[in-house]
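Here the structure comes first, spelled out in structure tokens, and everything after it is commentary.
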Number of protein chains: 2
Amino acid sequence: MADDDLSMGYLVHWAGRLLRRLADRKLKAIGLTSGHLPVVNALAQAEPMSQKALAEWASIEQPTMAATLARMERDGIVERRPDARDRRVALFSLTAATRGKIGALRMAVEEVNQEALSALPADQRATFRHQLETMARAMEKRLGEEL
Amino acid sequence: MADDDLSMGYLVHWAGRLLRRLADRKLKAIGLTSGHLPVVNALAQAEPMSQKALAEWASIEQPTMAATLARMERDGIVERRPDARDRRVALFSLTAATRGKIGALRMAVEEVNQEALSALPADQRATFRHQLETMARAMEKRLGEEL
DNA sequence: AGAGGTTATATAGCATGCGATCTTTTTCCA
DNA sequence: TGGAAAAAGATCGCATGCTATATAACCTCT
């Protein structure tokens, strides 16, 4: 790929695919995938949570979260139960088996993080991370405005 | 999403999704999608190209490129013809209609680029882009080594 | 020439994403 | 209170990605 054509979009998307593959490889050993991460992280901190809350937490559209949760439920990673106070709502929690994997999961994530950041000089890492977040938040705002 | 949980992988993937949505929105007007970009860019510079060459150029796996090209052919964006010298090879070129869109396409990409980069101070943009590329190349190397 | 390895595509199977819609419940106000 | 508006999920349809595997066409070396 010629250097001039490495647009921001291409670059970010490329890096994202690579990080994802790397993460999925490590997570395979504990029976999880990168797509499960935001859900498990969220539920590890606050249980139970509705599909809506999970989707917002992960910045993912509702149909995408619905599909992810359906797969996770099918695979015994999360459990769904109705909300007694609102019959529209489904509440999700981690299964005991998944709770036992949280430690290994955090370790795997941390490894990928280190591998990615180790490509940059130590004194640039924090700034880089921050810039990435700034850009993402700006894009999110942009996307919202245009609707 | 709590700040501590914004792992590198999550951040990059998030930014990638947002950039992609933004790009797709702009490209919709000219009848293209972000997935078409690397192919159109490549063919705009060197025609014709085999599926293999396109996949390598775009850093995408062969089956993914095969599917993308099949859709693009179906939608009249590219044309496929056999290679006289090697019957295994399929050579792809842009259709005349697509060639006429290259200008608009470049403009749309440039717009998204600017929108993304404008979130950062001007004097940090070049460095940031470079860091992103460095990280991606490192991840690519990593991924290759582990096989 | 022919066996065996290499290469270029094709296919299957599945995960993740998105937008657009439909249904069921809740809410809320006239 | 009744009927409209809002909220939460469920579904459809499709694009993109990946891995694993199959197939067909070359190439090489004996």
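To the nearest ten degrees, helix B:125-145 and the longest principal axis of the Cα atoms of chain B are 70 degrees apart. With viscosity 1.567 mPa s and temperature 4 °C, the Kirkwood radius over alpha carbon pairs of segment A:59-147 converts through Stokes-Einstein to a diffusion coefficient of 78 µm²/s. Evaluated over the protein assembly as shown, the count of Lys pairs having alpha-carbon atoms less than 15 Å apart is 4 (only pairs 8 or more residues apart or interchain). For segment B:1-143, dividing the convex hull volume of the Cα atoms by the residue count gives 147 Å³ per residue. With a Förster radius of 41 Å applied to the beta-carbon distance between A:SER50 and B:GLU56, the computed FRET efficiency rounds to 0.40. Inter-chain Cβ neighbour count for B:19-29, averaged per residue, equals 4 (cutoff 10 Å, partner chain atoms only). Dividing the helix sum by the residues of the protein assembly as shown, where each DSSP H run of 4 or more adds -39500 (n - 2.57), gives a mean residue ellipticity at 222 nm of -20500 deg cm²/dmol. Close amide H contacts of B:SER50 (hydrogens built in the peptide plane, cut-off under 5 Å, sequence separation of 5 or more or a different chain): B:PHE92. Taken over the Cα atoms of the protein assembly as shown, the convex hull encloses 161 Å³ per residue. Considering only chain A, the C-beta nearest to the rotation axis that sends A to B is found at A:GLY16, 2, the distance in whole Å. With a Förster radius of 30 Å applied to the beta-carbon distance between A:THR134 and A:ARG71, the computed FRET efficiency rounds to 0.40. Counting Cβ atoms of other protein chains within 10 Å of each Cβ in A:116-125 and taking the mean gives 4.
Taking only alpha carbon atoms, segment A:4-58 gives an Rg to Rh ratio of 1.12, where Rh is the Kirkwood radius. Computed over Cα pairs, the Kirkwood radius of segment B:28-71 leads via Stokes-Einstein (1.306 mPa s, 10 °C) to a diffusion coefficient of 150 µm² per second.
For B:ALA104, the point set 7 Å out from Cα toward Cβ sits 5.2 nm from its twins in the other copies, listed from shortest up. Loop-located trypsin sites (Lys or Arg not before Pro) across segment B:1-107 with a Cβ neighbour count of 10 or fewer within 10 Å are B:ARG85, B:ARG87, B:ARG88, with loop assigned by DSSP. In chain B, the sites counted are GluC sites (Glu not before Pro) in DSSP loop states with at most 13 other Cβ atoms within 10 Å, and the longest stretch holding none of them, exclusive of the sites, is B:62-145. Taken as Cα centroids, segment A:32-86 and segment B:1-77 sit 28 Å apart, rounded to the nearest whole angstrom. Axis angle, to the nearest 10 degrees, between helix B:102-117 and the longest C-alpha principal axis of chain B: 10 degrees.
Read-outs throughout are calculated quantities, based only on the coordinates presented, and are distinct from any laboratory measurement. In this text the structure is predicted, and so the values were computed from the model without any measurement. With ideal geometry, Cβ positions are generated from the backbone for all residues, glycine too; neighbour counts draw on all protein chains shown.
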